[in-house]
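For reference, the structure is listed below as C-alpha cells.
The numbers here are math on the coordinates, done by the rules we state, and not lab data. This structure is a prediction, so every number in the text was calculated from the model and none was measured. Glycine also receives a Cβ, built like all others from the backbone with ideal geometry; neighbour counts cover every protein chain displayed.
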Amino acid sequence: MAMADLSGNQDLDSTSFRALQRRTKIAARQAMSATEHAHASALIEQHLTALLAAQAPQCIAFCWPMRKEFDCRPLIERLLQAGWRACQPVVVAEAARMEFRAWLPGSPMTTDRHGIPIPDTAPVAAPDIVLLPLVAFDKQGYRLGYGGGYFDRTLATLNPRPFGIGVGFELARLDTVHPAAHDVRLDAIATEAGIREISGAADSHHCPSVPGCRPAGG
C-alpha cells in the first residue's frame with residue numbers, strides 16, 4: 001500500500017510540475033520583445049533552411065503559429081517552391097491520432113475546436129518530416145506541448161514514423177520535462193542556438209535523408 005501511495009504522489013508531482021512549466025514557458029515566450037522574437041526566429045529559420053533545403057523534396061508537416069510560436073510558413077513556402085509538399089496536422093477527435101491535410105499558400109482554411117487555423121482540404125498520407133512546436137524540451141529529446149497528447153499519440157502509431165523536429169526557443173529548455181510513459185522522443189530539436197540531434201532517438205522508424213539521422217547503433 002505504501003508503494004502505491006508513493007507512486008501516486010510521484011505521478012501527481014510530475015503532473016503539477018508539467019502544468020507549472022507549461023504556464024511559465026508560454027508566459028516567457030509571450031513576453032519576448034518583438035526584436036528578440038524576430039532575431040531568434042531568423043536564426044531558427046536559418047538553421048532549418050540549412051538542414052532541409054539541401055534534401056531531396058519530401059512531404060513536411062507544420063503547425064500554424066500560436067501564442068508567439070516560431071512561424072514556419074516562410075520556410076515552408078520556400079520548400080514548396082523547391083518541389084516539396086506540405087501539410088498540417090488536424091485534431092479530428094478527442095483521444096485520437098491526428099490526420100494530415102494538404103496545405104498550400106491560399107489553401108481554403110477553417111478552424112479546429114481550439115480556434116487554430118487548419119486547412120479545409122482532403123487528408124493526405126503521413127509526412128516524412130514533422131515540425132513540432134515546443135512549449136518546453138529537455139536534452140533527452142522529450143517535449144512539452146499544450147497537454148493534449150495528440151502528437152505523441154500520432155507519432156507512436158505511424159509506421160514508418162516521420163522524422164520529428166521540435167522547433168522552439170532556447171527559453172523553453174529544461175533539465176527534464178519529467179516525461180510520461182506515453183511521451184515520444186523527438187529526433188532533433190531546432191532553436192536559435194542550432195540543431196541538436198537526439199542520440200538514439202531514430203530507432204525502428206522512417207529515417208529520411210536528413211543529416212544526423214541514424215538508425216539505432218549506427
Worksheet item: Could you list, in sequence order, the residues of the range 134-146 that are closer than 17 Å to TRP64 by Cα and either more than 10 Å from the chain's Cα centre (by Cα) or among the charged types (D, E, K, R) (or both)?
Response: TYR146
Worksheet entry | Criterion: free of Cβ contacts under 8 Å to residues at least 60 places away in the same chain and surrounded by 19 or more Cβ atoms within 10 Å (Cβ to Cβ) - qualifying residue of CYS87, CYS72 | CYS87
Worksheet item: Mind checking which residues of the range 108-136 are touching a helix residue (DSSP H, G or I) at 6+ places or on another chain (Cβ under 6 Å) and of a type outside the set (Val, Ile, Thr)?
Response: LEU132, LEU134, ALA136
Discussion item. Within the range 107-121, does at least one residue satisfy the condition of being among the polar types (S, T, N, Q) and part of a loop (DSSP other than H, G, I, E, B)?
Written reply: yes
Worksheet item: In the list GLN88, GLN46, which residue meets the criterion of being out of contact with any strand residue (DSSP E or B) (no Cβ under 6 Å at 6 or more places or on another chain), polar (S, T, N, Q) and over 21 Å from ILE26 (Cα atoms)?
Response: GLN46
Fill in: Output for the range 122-149, where each listed residue is within 14 Å of ALA61 (Cα to Cα) and either among the hydrophobic types (A, V, I, L, M, F, W, C) or crowded, with 18+ Cβ neighbours inside 10 Å (or both)
VAL124, ALA125, ALA126, PRO127, ASP128, ILE129, VAL130, LEU131, LEU132, PRO133
Worksheet item: Restricting attention to the range 27-43, and to residues there that are outside any loop (DSSP other than H, G, I, E, B) and touching a helix residue (DSSP H, G or I) at 6+ places or on another chain (Cβ under 9 Å), which single residue is surrounded by the fewest Cβ atoms within 10 Å (Cβ to Cβ)?
Response: ALA28
